[in-house]
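The values are calculated or read from the model by the stated rules, or taken from the named source; none is laboratory data. What you see is a predicted model; the values in this text were computed from it and never measured. Here the Cβ is made from the backbone with ideal geometry for all residues, glycine too, and neighbour counts use every protein chain on show.
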């Protein structure tokens with residue numbers, strides 16, 4: 001019986017959050033653009049998107065750049081960029 005009470009308490013738990021002004025403004029703007037949702041729905045939807053995006057980024061792993069040799073054009077001096085740009089033009 002005690003565990004059932006805890007489950008019910010968790011399902012109906014209310015939490016107070018302090019939201020930064022810039023985030024609050026964006027949430028209110030989303031609310032104005034949505035005729036069928038209340039602020040609570042907008043906040044939950046936005047949090048859900050952010051949390052899933054964070055999970056997806058972790059699963060994706062680190063981004064690595066694969067280098068490849070491009071070769072060097074004969075007759076171009078890469079030490080002096082200004083002169084190189086003049087030669088290319």
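Miscellaneous remarks
- Subset tally (residues that are closer than 15 Å to residue 47 by Cβ and in a helix (DSSP H, G or I)) for segment 14-36: 6
- Sub-9 Å Cβ pairs linking a first residue in segment 61-89 that is free of Cβ contacts under 8 Å to residues at least 60 places away in the same chain and on the phi < 0 side of the Ramachandran plot to a second residue that is part of a loop (DSSP other than H, G, I, E, B) and surrounded by 10 or more Cβ atoms within 10 Å (Cβ to Cβ), at least 6 apart or interchain, are 84/76; 87/76; 88/76, ordered by first then second residue.
- Filter result for the condition that a residue is more than 30 Å from residue 15 (Cβ to Cβ), at pLDDT 75 or above and surrounded by 10 or more Cβ atoms within 10 Å (Cβ to Cβ), over 70, 84, 76: 84
- The one condition in (1) surrounded by 10 or more Cβ atoms within 10 Å (Cβ to Cβ); (2) over 37 Å from the mean Cα position of the chain (by Cα); (3) assigned to a helix (DSSP H, G or I) that residue 45 fails to fulfil: (2)
- Condition met for residue 18 (at pLDDT 90 or above and within 21 Å of the chain's Cα centre (by Cα)): no
- Being within 30 Å of residue 14 (Cα to Cα) and at pLDDT below 85 is a property that holds for residue 58.
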